[in-house]
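The values are calculated or read from the model by the stated rules, or taken from the named source; none is laboratory data. A quick note: this is a predicted structure, and the numbers were derived from the prediction, not measured. Methodologically, a virtual Cβ is constructed for each residue, glycine included, from the backbone with ideal geometry; neighbour enumeration extends over all protein chains shown.
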């Protein structure tokens, strides 16, 4: 690892390079983070970031870190908003998350909260954050369950796709030509949420899920899963799996069993940790859908900038982009309100935001409304379908809508 | 039939790692809870020397095994021996080996990063047909190795003087130490061999799933289960336990879904322990008055 | 009268009540009250910062809540692991059951919160009982593994059970319309969790009070005869059953108790965090609880508390994170340890510097100093005022404290064994043996190795069930009774190798011998009613009398393990006497003794006979046998070879040739 910035080091580096990200323990009075414009006309915002800074899940913190490192100057220049980040380690544990969030809100007095990136930990603190009435920025989680629109005004905003959207976009594709659909999902929040929404979509549209199988994170093989798919005549597979490495276990079993489904679909999670543990023959037929265009336009600009600024690959490419989006949204809202501590006004400004910028050349208009706090929508025409070449480079196959028509 | 073959192969993986637990238990009555990290250690050491093109794969494997063996022996000497001095109820070694696991996991994560890395050493790609079932060559290699290692260990314990000493220590450490054999030395050697086996498992397993700091964790529970089912005091135990555990969990997975597979394996542990506390092949130790 | 040597034989026959300034506070009840007050005071100080619900106190209160939950679970595990030496890796499972069952009963079951908590704890206890019965035969790693399997299965159920919201957590808004459990109301009070600034976290009051009570109660239990029975089980189940402990029931009880405490930890989590995610209850939780116990000091009263507080604090502490940062700055950006690794290093350092855990090591230091002080000034610590009191009828109704009384009923045979046999597979270890021992008699059993002497002793004390024949004691049929029932009937025994609690004091070893060890009910141990104090004082007085009897008065406060071998035997005899037996079975009491010590042993046994005890002595030392025995039975190959007075038997040709055929050994 060695990439995560630490407090003292970060403070030093921040002074030199005007980087925004500091470590934990900053204290409530640090810097001039008043939330309103200082002498230079720049509003310094105290942003609480919570995520797994250490341990095996640290990639889920790293993408936020990378995005800050790359773009904080840009946002300051663009919106006169400077982020002073106060970060806490949630150690990927729900109880630790609860405490970390408490500290950020109650002790550090942050103006907004970003994270936690893992769905389960977000669910642990959902109630608290809503009651605390702080803008809650969620670039990571995909679980729709985190936002309960019965709570109004609602404080949570998500800029990743959600599992409900994936199914709405993919459902028809999976069941095209009367195919029998099987889902293999990881035994975690993301996977279970995938299953949930696939089943709801099927029910609403008069289909049924032929086979559903779960894979434990780190499972040593998936032979039985694939055999059961084969036996039940599944010819369309959806993989709702958090870790690319587990996805690789499934595709390895598919190859090994000589299983040849007509369709294998998954999500952008495959972009992380998959390639290094799989072979080209195993990813040949896999396609993913995502609302982002990784190959051209704003999304790809964000990724390229991260690569250039950090010298590393984007930790979780989809989430690097969603982090950019949420920061853009929040910075705009703060600029408009002029005071980051007027939480309700900032929240309203986010909800009413007109144009979200991603990179220089992509905009999304009016994404939010009172009962829609997720950035993307489920219009297949706006989603992209990708395949992979032998080097695991993404190949754009068309929009999801196009692929439904011409079956990519 | 497929489930049977694949279950046996899967059981081989667990059996190989279970041997690490059985070995240390036989001679020292301790289990190293950091075995999972030795699995990762082996894999990463081999990854580090993967670039030495002059060294054949077997040599690279040997480097990984050797490093883990040395670390394992040191772990026994410095982290287990001092914490098992208070008799059979002294379980402080549990704390110290778990602590070692924390340290190793953390260090490996900090140095190598959390993501799995591709390992090409001793990698066989593709599958072969075994009685109609498609079996990955790599998994088959591990299973075969589990049998080979077990046979070697059994032969060594019966035919070599080192093996005799080892068995003597396991029967009666006090008397053996009177005879001039140092149980501590025997313990160190056993830990070295056991951690070497863990590293070997790790390297071969990493060729499939990639080398990552947490790669050992998912294997740990299954391997302890296999060791306990077979009997912690029997070198043949892991093979029998592995076969039963593997076949049962795989067959259950085939019939009822993957979610039930591991559960069935765990239930097997309960049934065996309730029925035969010392494991299927284990020796019951009599309480002496 | 001592079995040991001239020096101790010249020790004063009765204990002088040399009152000296007692250590403060001297009286047991005052000490207990002080502890309780201190525990509650610490508890309230811990939640003082949260009294106004100010924002910055919220996360501190959450920290205290986590510490409280971990403490309660660790205290429960300590009873199981620290005393009974059963290392359970299942405590996290019970923690999870307690947490989820409470939430589920309140929300889905609509139960009253208190009822729901009671129900959850009852469920934990029930599951604990089932697991305990299933794992009754297991010890060591096998026990750990089966409990670990339980914890994993529980986690699996929470992960996959739709009823509990799976990984969407509990409650979740798909099922319940909220992700937060509403604060429970008890007796008109709303128990607010520490969550939102400016809302006082009222739940913290019952949480810390309960935690303090759990620590107090566990201290009572640990220091009661019930606690001694756990230590006895930990030492050896066979020993425990010979001390009159029903091992099966006691093991189930302690497992249930530990499970309930584990569940209580979960209840605290539910009340304080108001939302449950299965990720909280992973294997790491169960391991952390074990680590807390070992880290703090397994088998000590405060160890689990210190360990739990320490570990919870460490894991979230900024200090370790900063230490990691420093390494990165000054050593290497890759080769460094961050928090989890540093926690590991700290564990190891603690073990090296404090080998018995934090509390255990400090306690040993204090005890060592006290011991030296005691030896120097012959400690009397406020026990004298109770010395000499007769036993209360309720506690020892069926046994007399007055050692002389058994003699009063001499005459009728005390023990009658008829045609007793035991087969192991095809081997006849004992065949058709008769044995009759009268009150106030010493009956020696001799014979070459493998003659079946020890088997006979084991048949008598219930270790083995006879294949045939009958054993009657005081006119009661005791054939095939379990050892604890035989012990309760009035048969005590000593072992070939002394089975002592080596880390406990000499006095505590004798105290463990009293019938109370097997008979004190759990509630009395936990609540410590006034009668318990009276009984403790009586037991102490009686124990000191017995120690005096065997010549160990000056070693009362020494650790038993520090006694020389001969004195350990004497101690074991004193412990056997504590059970107020009619008959004592001594298995090779002279084995390993020096000649002078053997002579002293003879004196002691004769004086016991004079007090009216009946003795069965399995022995090889013919000099000793000739000196003390009223009757001698010689066995060979499981059968009676000869019987009569020592002179008759020792001159019997059959006996001589049996011994010549198989050369006599010092130790079998």
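Structure data summary
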quantity: Meets criteria (more than 14 Å from every other protein chain (Cβ to nearest Cβ), closer than 26 Å to residue A:219 by Cα, touching a strand residue (DSSP E or B) at 6+ places or on another chain (Cβ under 9 Å) and surrounded by fewer than 22 Cβ atoms within 10 Å (Cβ to Cβ)) for residue A:262; calculated: yes
quantity: Residue in the range B:64-79 that is modelled with pLDDT under 95 and either over 23 Å from residue C:336 (Cα atoms) or away from chain C (no Cβ under 11 Å) (or both) present; calculated: no
quantity: Checking residue C:180 against (1) under 39 Å from the mean Cα position of the chain (by Cα); (2) surrounded by 15 or more Cβ atoms within 10 Å (Cβ to Cβ); (3) touching a residue at least 12 places away in the same chain (Cβ under 8 Å), the condition it does not meet; calculated: (1)
quantity: Failed item, numbered, when residue C:111 is tested on (1) in contact with a helix residue (DSSP H, G or I) (Cβ under 9 Å, 6 or more places away or on another chain); (2) farther than 22 Å from residue C:275 by Cβ; calculated: (2)
quantity: Which listed residue, of B:15, B:34, is over 30 Å from residue C:231 (Cβ atoms), within 12 Å of chain C (Cβ to nearest Cβ) and either under 12 Å from the mean Cα position of the chain (by Cα) or surrounded by 24 or more Cβ atoms within 10 Å (Cβ to Cβ) (or both); calculated: B:34
quantity: Scan of the range A:335-347 for residues that are in contact with a helix residue (DSSP H, G or I) (Cβ under 6 Å, 6 or more places away or on another chain) and in a helix (DSSP H, G or I), ordered by number; calculated: A:335, A:336, A:337, A:345, A:346
quantity: Residue A:367 being touching a residue at least 40 places away in the same chain (Cβ under 8 Å), part of a loop (DSSP other than H, G, I, E, B) and closer than 20 Å to residue A:137 by Cβ; calculated: no
quantity: Criterion: touching a helix residue (DSSP H, G or I) at 6+ places or on another chain (Cβ under 8 Å), farther than 15 Å from residue A:376 by Cα, modelled with pLDDT under 95 and surrounded by fewer than 24 Cβ atoms within 10 Å (Cβ to Cβ) - qualifying residue of A:154, A:148; calculated: A:148
quantity: Number of the exception - residue A:59 against (1) within 14 Å of chain C (Cβ to nearest Cβ); (2) surrounded by fewer than 24 Cβ atoms within 10 Å (Cβ to Cβ); (3) within 20 Å of the chain's Cα centre (by Cα); calculated: (1)
quantity: Yes/no for residue A:246 being more than 7 Å from every other protein chain (Cβ to nearest Cβ) and buried (at least 24 other Cβ atoms within 10 Å of the Cβ); calculated: yes
quantity: Single residue of C:240, C:197, C:168 found to be in contact with a helix residue (DSSP H, G or I) (Cβ under 7 Å, 6 or more places away or on another chain) and under 26 Å from residue C:526 (Cβ atoms); calculated: C:240
quantity: Every residue from the range A:265-301 that is more than 30 Å from residue A:358 (Cα to Cα) and buried (at least 22 other Cβ atoms within 10 Å of the Cβ); calculated: A:277, A:278
quantity: Hits in the range A:121-145 - residues which are within 24 Å of residue A:201 (Cα to Cα) and surrounded by fewer than 21 Cβ atoms within 10 Å (Cβ to Cβ); calculated: A:144
quantity: Extreme residue, nearest to residue A:100 (Cα to Cα), among residues of the range C:324-355 that are more than 35 Å from the chain's Cα centre (by Cα) and crowded, with 17+ Cβ neighbours inside 10 Å; calculated: C:339
quantity: All positions within the range A:278-304 that are more than 21 Å from residue A:194 (Cβ to Cβ), in contact (Cβ under 8 Å) with a residue 24 or more places away in the chain and touching a helix residue (DSSP H, G or I) at 6+ places or on another chain (Cβ under 7 Å); calculated: A:281, A:293, A:299, A:302
quantity: For residue B:64: the one exception among (1) in contact (Cβ under 8 Å) with a residue 60 or more places away in the chain; (2) not in a helix (DSSP H, G or I); calculated: (2)
quantity: Filter result (within 8 Å of another protein chain (Cβ to nearest Cβ) and either closer than 17 Å to residue C:353 by Cα or not in a helix (DSSP H, G or I) (or both)) within the range B:88-113; calculated: B:88, B:89, B:91, B:92, B:94, B:95, B:96, B:99, B:100, B:113
quantity: Some residue of the range A:379-389 being surrounded by fewer than 12 Cβ atoms within 10 Å (Cβ to Cβ) and either more than 25 Å from residue A:282 (Cβ to Cβ) or touching a residue at least 24 places away in the same chain (Cβ under 8 Å) (or both); calculated: yes
quantity: Only one of C:306, C:245 that is assigned by TED's automatic domain parsing to the domain that holds residue C:61 and outside any helix (DSSP H, G or I); calculated: C:245
quantity: Residues that are more than 7 Å from chain B (Cβ to nearest Cβ) and closer than 21 Å to residue B:86 by Cα, drawn from the range C:316-351; calculated: C:349, C:350
quantity: Wholly enclosed helices (runs of 4 or more DSSP H) of the range B:170-275 bearing at least 1 residues within 11 Å of another protein chain (Cβ to nearest Cβ) and in contact with a helix residue (DSSP H, G or I) (Cβ under 9 Å, 6 or more places away or on another chain); calculated: B:183-209, B:217-230, B:237-256, B:258-275
quantity: Residue check, residue C:547 touching a helix residue (DSSP H, G or I) at 6+ places or on another chain (Cβ under 7 Å) and assigned to a helix (DSSP H, G or I); calculated: yes
quantity: Residue C:88, sole failed condition from (1) within 24 Å of the chain's Cα centre (by Cα); (2) away from chain A (no Cβ under 13 Å); (3) at pLDDT 95 or above; calculated: (3)
quantity: Qualifying residue in the range C:262-281 (condition: surrounded by fewer than 24 Cβ atoms within 10 Å (Cβ to Cβ) and either closer than 23 Å to residue A:125 by Cα or away from chain A (no Cβ under 14 Å) (or both)); calculated: no
